[in-house]
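The values are calculated or read from the model by the stated rules, or taken from the named source; none is laboratory data. Source: prediction; values computed, not measured. Note: ideal-geometry Cβ built from the backbone for every residue, glycine included; neighbour counts use all protein chains shown. To get the accessible areas, we keep the full protein, side chains included, count just its heavy atoms, and leave off ligands, DNA and RNA. Shrake-Rupley method; radii C 1.70, N 1.55, O 1.52, S 1.80 Å.
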Amino acid sequence: MIIGVPKEIKNNENRVSVTPEGVLALIKNNHEVIVQENAGVGCGLSNEAYSKAGAVIEKSVENLFDKAEVIVKVKEPIEQEYSLFKKGQILFTYLHLAADKSLTEMLIEKEITAIAYETITDPSGKLPLLTPMSDIAGRLSVIAAANCLQTAVGGSGTLISGVVGVEAANVVIIGGGTVGTNAAKMALGLQAKVTIIDINRNRLEYLDDIFDGRCTTLLTSEYNLYQALKTADVVISSVLIPGKRAPKVVTEEMVKAMPSGSVIVDVAIDQGGSVETVTHATTHDQPTYLKHGVVHYSVTNMPGTVAKTATLALTSVTLSYLEKLVSGQTNSVLKDDEALRSGLNCYKGKVTNENVAKSLEIPYVSSLDLL
C-alpha cells in the first residue's frame with residue numbers, strides 16, 4: 001500500500017507519526033512510504049534520514065494526500081486539512097471525535113476509514129496506543145502546574161515543593177488512571193502534598209500501596225471534591241471514558257471555592273474537558289487563562305512540546321498496529337483483528353464507535369454489520 005506521513009500543523013505540534021525505523025520496516029514489507037518534507041525536523045528526524053530509510057520525500061502536502069491510500073498522523077485533522085482527504089481513504093491517528101462534530105461529519109461525508117489510536121483496546125482491556133501519551137501528559141501536567149503557580153502567569157506564587165519552614169503545595173489529582181498515576185509520581189517527586197480522588201476503591205487501594213501511603217486517597221463524591229478543592233493549590237483532572245465525551249466532574253461552584261491564584265490543568269480537554277470552567281482548548285503559545293481567580297491550563301496536545309520523547313514513545317507502539325492494518329485487504333484485516341476493529345470510529349459513512357455516536361447524538365452502526 002501507499003502510506004502518507006504528513007507534517008503535523010496543529011499549534012506547536014512537533015511529533016511525527018512514523019520514524020525512519022518505521023519507514024524501513026514498512027518498505028521491507030513492500031509498501032511505499034511518502035513523507036512530507038520536514039515532517040520530522042521538530043523531533044530531530046531529518047529528511048535525509050527518511051530518504052536513507054527508503055521514503056519518498058514530498059514537498060507538496062496536496063500531492064501526498066492525492067497519492068496515499070493510508071494517511072498516518074499524530075493528531076486529529078484540523079479544518080484546513082479536511083479538503084485534502086479523498087473519498088474512501090484510510091486514516092490512522094488520534095481522533096477524539098466525541099468532542100469534534102465537524103471532523104466527524106467530514107469523515108462521514110468522505111467515507112473515511114477512520115481508526116483512532118485512543119480507542120484501540122487490547123485483549124486485557126487496556127489502551128496500548130493511548131498509554132504512552134498518557135504517561136507523558138501526566139508527567140507534564142505537574143510541570144505545567146508548577147510553572148502556572150508562578151506570579152508571572154497569574155498564579156499564587158507558590159513553589160510546588162515548598163522549602164524548609166514553608167509548606168509544599170496541595171496537589172489534587174482527579175482520576176487515578178494512567179495520567180493520574182504519572183501525575184502523582186511527579187508531584188510526589190517534587191515533594192508536594194498529593195490527594196488522589198477516584199471512583200474505584202480497588203484502584204485507590206492499589207495507588208495507596210504503590211505510593212507507600214504517601215498520598216491521601218478519596219472516593220469520588222461531590223462532597224469530597226468540594227472539600228479537597230477548597231484548599232488545593234493545583235488540580236489535575238484526568239477523567240477518561242474511552243471514546244466518550246469527558247464528564248464534567250468539577251463544577252463552577254467548586255472552582256469559585258478554590259484559593260485565588262490556584263491552578264487547574266484539565267488533561268481531559270481532548271475529550272471536551274472535565275471542568276465546567278474549561279470552556280475552550282488552549283495552545284502552547286497561549287496555554288492559560290484566568291477565571292474566578294484560578295489559572296486554567298487546557299492544552300490539547302501537551303506531549304507535542306516534548307516531541308522527541310513523545311514521537312519515540314508513540315511510534316514504538318503504533319508501528320505494529322500500522323503493519324497489521326496494511327498487511328492485507330482492509331475489510332478482511334479489520335474483520336479478523338479485534339484490537340484494530342475497536343479503533344474503528346468511522347467506516348463507509350457511518351459512526352462505528354458507540355460512545356462517539358452517543359456523545360455526538362449521531363446514529364451508531366456496528367462495524368461488524370458493515371464489514
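For the list (1) in contact with a strand residue (DSSP E or B) (Cβ under 7 Å, 6 or more places away or on another chain); (2) surrounded by fewer than 18 Cβ atoms within 10 Å (Cβ to Cβ), I need the number of the one condition that K185 fails.
(1)
Search segment 1-27 for residues being polar (S, T, N, Q) and modelled with pLDDT of 95 or more, and hand back the single one that is most open to solvent (accessible area, probe 1.4 Å).
N14
Would you pick out the residues in segment 222-262 that are more than 18 Å from the chain's Cα centre (by Cα), crowded, with 19+ Cβ neighbours inside 10 Å and hydroxyl-bearing (S, T, Y)?
S262
Look through segment 46-100, keep the residues that are in a helix (DSSP H, G or I) and under 17 Å from the mean Cα position of the chain (by Cα), and return whichever of them is modelled with the lowest pLDDT.
A99
Can you report the number of residues in segment 188-221 which are acidic (D, E) and either under 27 Å from V164 (Cα atoms) or surrounded by 14 or more Cβ atoms within 10 Å (Cβ to Cβ) (or both)?
So the answer is 3.
Which of (1) in contact (Cβ under 8 Å) with a residue 24 or more places away in the chain; (2) aliphatic (A, V, I, L, M); (3) open to solvent by less than 40 Å² (accessible area, probe 1.4 Å) is the odd one out, the single condition V333 does not satisfy?
The number of the failed condition is (1).
Yes/no matrix, rows are residues, columns are (1) in a helix (DSSP H, G or I); (2) at pLDDT 95 or above; (3) within 24 Å of the chain's Cα centre (by Cα):
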| residue | (1), (2), (3) |
| --- | --- |
| P132 | yes, yes, yes |
| A137 | yes, yes, yes |
| A152 | yes, no, no |
| G157 | no, yes, no |
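Return the total of residues in segment 159-182 being within 30 Å of N200 (Cβ to Cβ) and not in a strand (DSSP E or B).
13
Considering only segment 82-89, I want to know if a residue exists there that is free of Cβ contacts under 8 Å to residues at least 40 places away in the same chain, farther than 30 Å from G273 by Cβ and in contact with a helix residue (DSSP H, G or I) (Cβ under 6 Å, 6 or more places away or on another chain).
No: zero hits.
Just to be sure I understand the filter: pairs with C-beta atoms under 6 Å, separated by 6 or more residues or on different chains, first member in segment 152-168 and closer than 23 Å to T288 by Cα, second member assigned to a helix (DSSP H, G or I) and among the β-branched types (V, I, T). Which pairs pass?
G157/T151
Which one is nearest to the chain's Cα centre (by Cα) among residues in segment 275-330 that are open to solvent by 80 Å² or more (accessible area, probe 1.4 Å) and of a type in the set (K, R)?
Going through the qualifying residues, I end up with K308.
Identify all residues within segment 183-216 that are part of a strand (DSSP E or B) and within 25 Å of the chain's Cα centre (by Cα); write none if there are none.
V194, T195, I196, I197, D198
Does F92 meet the test of being without any contact (Cβ under 8 Å) to a residue 60 or more places away in the chain, of a type in the set (F, W, Y) and under 28 Å from L240 (Cβ atoms)?
Here the answer is no, as F92 does not meet what is asked.
Considering (1) over 22 Å from E13 (Cβ atoms); (2) of a type outside the set (G, A, S); (3) open to solvent by 10 Å² or more (accessible area, probe 1.4 Å), say which one L149 fails and leave the rest.
With (1) over 22 Å from E13 (Cβ atoms); (2) of a type outside the set (G, A, S); (3) open to solvent by 10 Å² or more (accessible area, probe 1.4 Å) applied to L149, the lone miss is (3).
Condition check ((1) in contact (Cβ under 8 Å) with a residue 12 or more places away in the chain; (2) over 30 Å from N182 (Cα atoms); (3) not aliphatic (A, V, I, L, M)) across all residues:
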site	(1), (2), (3)
I27	yes, yes, no
N30	no, yes, yes
A55	yes, yes, no
E62	yes, yes, yes
E79	yes, yes, yes
K101	yes, yes, yes
E105	no, yes, yes
